[in-house]
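Structure record follows, encoded as structure tokens.
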Amino acid sequence: MRKISTIFERNWETDRKVNAQLIVDFDFEHAVATEKLDGTNIRVTVRNGIVVRSEKRRNPSKQQKQAGIVDPWYVDINEHSPEDKWMIAAINGTDFSAVPDGEWPAEALGKNIQGNPLQLEGNQVFIFSLPDWRERILLTDAPHTFSELREYLNTKKSCVGNDCLMEGVVWHHPDGSMVKIKRKDFK
């Protein structure tokens, strides 16, 4: 799993917020924008509509970063671990019957996950890597300039949440590259 780059330069020495300096060389014209969902990144392996393996994102520790490991990876979710119980609840609260066999990066969302910024009633999994599901979070009106994005993210409602603002935008290019921006990145 690769880390997705933020599109604007950060003020690392001060508040870590972004400034108007675009730092990525990215072809926005041919990219598709989707809502960035505010939850916990997981990966599910599905066989015949059943989740046979579930994993959560693991970020490198400070020591690992110092050793040059910068990209996150997945580790198994432990169904007996209290810290993983809401991810299990999200998996159990999702219908996978129409999901093709495969490994699917996804987001665990819901009332017990990340403070429930989407104001959802229960816990569920959203498979953003599945094209049919991604269509539900497609943003055809997403700008990509600093001032337009700041305004957009302060007014745009979530496609998935209940009457709440979305967390951010992820652009997906046909070559597989992606970039992102979050509402909290702005001052």
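Overview of values
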quantity: Residue match in the stretch 81-104 (condition: out of contact with any Ser or Thr (no Cβ under 8 Å at 6 or more places or on another chain), open to solvent by 20 Å² or more (accessible area, probe 1.4 Å) and under 16 Å from VAL169 (Cα atoms)); calculated: no
quantity: Hits in the stretch 159-187 (condition: open to solvent by 70 Å² or more (accessible area, probe 1.4 Å) and in contact with a Gly (Cβ under 9 Å, 6 or more places away or on another chain)); calculated: ARG183, LYS184
quantity: Of residues in the stretch 131-148 being over 14 Å from the mean Cα position of the chain (by Cα), outside any helix (DSSP H, G or I) and not polar (S, T, N, Q), the one surrounded by the fewest Cβ atoms within 10 Å (Cβ to Cβ); calculated: ASP141
quantity: Matching strands (runs of 3 or more DSSP E) fully within the stretch 72-127 where at least 3 residues are touching a Leu at 6+ places or on another chain (Cβ under 8 Å) and within 20 Å of LEU138 (Cα to Cα); calculated: 102-110, 123-126
quantity: Contacts under 6 angstrom Cβ, first residue in the stretch 120-147 being in contact (Cβ under 8 Å) with a residue 40 or more places away in the chain, partner in a loop (DSSP other than H, G, I, E, B) and open to solvent by less than 70 Å² (accessible area, probe 1.4 Å), 6 or more apart; calculated: VAL125/THR94; PHE126/LEU37; ARG134/PHE128; ILE137/CYS159
quantity: Qualifying residues in the stretch 121-130 (those that are modelled with pLDDT under 95 and closer than 16 Å to LYS36 by Cα) - the one most open to solvent (accessible area, probe 1.4 Å); calculated: PHE128
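The values are calculated or read from the model by the stated rules, or taken from the named source; none is laboratory data. Remember, predicted model here, so these are calculated numbers, not experimental data. Counting neighbours? That spans all protein chains shown, and the Cβs are built from the backbone with ideal geometry, glycine included. The area values use the complete protein model at the heavy-atom level, side chains included, leaving out ligands, DNA and RNA. Shrake-Rupley method; radii C 1.70, N 1.55, O 1.52, S 1.80 Å.
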